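Worksheet for the structure shown next.
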Amino acid sequence: MLAAHAAELTTIRRDIHRHPETAFEEVRTAEIVAEKLKSWGLDVHRGLATTGVVGTLKGNRPGQKTIGLRADMDALHLQEKNEFDHASSIPNKMHACGHDGHTTMLLGAARHLAAAPDFAGTVHFIFQPAEEGEGGARVMIEEGLFEKFPCDTVYGMHNMPGFPVGHFAIRSGPMMAASDTWETTFKGTGGHGALPHRGTDPTMVAAQFITAVQGIIGRNVPATQTAVLSVGHIAAGTFGSPNVIPSDVLIRGTARSYSPDVRALLERRLGEVAQGIAQAGGCTVEYKYFRRYPPLINSAEQTTLAVEAAALTVGRDKVDPNTPPITGAEDFAFMLEKKPGAYIMIGNGGDEEPRGCHHVHTPLYDFNDKILTTGAAYWLNLVQLELGDAA
Ligand SMILES: [Zn+2]
Ligand SMILES: [Zn+2]
């Protein structure tokens, strides 16, 4: 039955691809989602995190259990370089992460389940805005997502380029990294480049700090765990004044980690190292750490269910239940902080595809329409496993 919807799903997906909308501006996309859900008979709620849509479907058998299935709807600020018919019609906006496909796969599952709601309990179909850097999932939660739509468990899915069509990958525990931003401003007197002894030099302090940061990874993070600290921005002085010691140096960077403990350690140690080195150099430091996305941690029981659902969909030999963690971040992690659940990767195709493999966030990327029904079927199998036997 899903296969019969393949052409329709492809049409929906390409329409969304042609009209990409970025964070909290997914107005047209949300309208399409809400209208389709309503036309299939779901209860539809709009407006969480501005453009969020939640469709609710009760099974035709009695049951108290409730699950949330989540898709993201937003596009990126990127100029598409594809030339096919469904390429973006909006300059500098593009569905380069496949959220057009995620939205469509979840719509496909909603349509199928609405036509035959043979399950016990309730499914909330959660369509969220602003996954890319803006934390739309967090905003939906803050605005009452799980109070309005209580979920016992939550599930998410993302396409993975370079991984074959018809394959799934997941792991229990930490699967994607926390992504945080930190900022240090070292302040000294600065002064004449010829007379450094008359002042304090924050550039020396900054240089020592940048080197010392990697000592946090090597000496403070346990050897059995991992983290990344990278400097991404340095600003001091002016180009025209190489003979002036600047009075302050700004350094900004990213911090990636896979556990709340290591995340807290990075936050604390970056500050301590910055303070210590600043003091040794006669300078001061202003230090800020911005917690952006938490680590994405799959719960064990729901990961097992997700593996079973994927195995039912494509065969056990095509499901990797122990894929390595990814250093990228994903805001579904906010939902997994609140509810047990699991996030799975679905292969978007590798170099076996005629167009080759283009990775997400690149201008030649496209979601692979061949996996629309595979992804929808995964959702259906998951609902059957979660809500099929309950009485
Ligand atoms: Zn992305
Ligand atoms: Zn994405």
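Worth pointing out:
- Failed item in (1) surrounded by fewer than 21 Cβ atoms within 10 Å (Cβ to Cβ); (2) away from ligand 1 (no atom under 16 Å from the Cβ); (3) of a type outside the set (Lys, Arg); (4) over 30 Å from residue 187 (Cβ atoms), with residue 307 passing the rest: (1)
- Of all residues in region 52-79 being β-branched (Val, Ile, Thr) and closer than 15 Å to residue 382 by Cα, the one that is nearest to ligand 1 (Cβ to nearest atom): 67
- Only listed residue being outside any strand (DSSP E or B) and open to solvent by 30 Å² or more (accessible area, probe 1.4 Å), chosen from 351, 366: 351
Here's the yes/no breakdown for (1) surrounded by 23 or more Cβ atoms within 10 Å (Cβ to Cβ); (2) within 30 Å of residue 315 (Cβ to Cβ); (3) at pLDDT 95 or above; (4) not charged (D, E, K, R):
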position: 140; (1), (2), (3), (4): yes, no, yes, yes
position: 144; (1), (2), (3), (4): no, no, yes, yes
position: 152; (1), (2), (3), (4): no, yes, yes, no
position: 184; (1), (2), (3), (4): yes, no, yes, yes
position: 199; (1), (2), (3), (4): no, no, yes, yes
position: 204; (1), (2), (3), (4): no, no, yes, yes
position: 210; (1), (2), (3), (4): no, no, yes, yes
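- Extreme residue, surrounded by the fewest Cβ atoms within 10 Å (Cβ to Cβ), among residues of region 318-334 that are within 12 Å of ligand 1 (Cβ to nearest atom) and aliphatic (A, V, I, L, M): 326
- The lone exception for residue 344 - which of (1) over 30 Å from residue 222 (Cβ atoms); (2) open to solvent by less than 10 Å² (accessible area, probe 1.4 Å); (3) of a type in the set (A, V, I, L, M, F, W, C) it fails: (1)
- Residue match in region 39-48 (condition: free of Cβ contacts under 8 Å to residues at least 40 places away in the same chain, part of a helix (DSSP H, G or I), away from ligand 2 (no atom under 16 Å from the Cβ) and open to solvent by less than 20 Å² (accessible area, probe 1.4 Å)): no
- Contact annotation: residue pairs with Cβ atoms under 6 Å, 6 or more positions apart or on different chains, pairing a residue in region 358-384 that is closer than 30 Å to residue 116 by Cβ and within 16 Å of ligand 1 (Cβ to nearest atom) with a partner that is outside any loop (DSSP other than H, G, I, E, B) and acidic (Asp, Glu), are 367/100.
- Condition met for residue 218 (loosely packed, with under 11 Cβ neighbours inside 10 Å and without any contact (Cβ under 8 Å) to a residue 12 or more places away in the chain): yes
The values are calculated or read from the model by the stated rules, or taken from the named source; none is laboratory data. From a predicted model like this one, the values you see are computed outputs, not experimental measurements. Methodologically, a virtual Cβ is constructed for each residue, glycine included, from the backbone with ideal geometry; neighbour enumeration extends over all protein chains shown. Accessible surface is based on the protein model in full, side chains and every heavy atom, while ligands, DNA and RNA are left aside. Shrake-Rupley method; radii C 1.70, N 1.55, O 1.52, S 1.80 Å.
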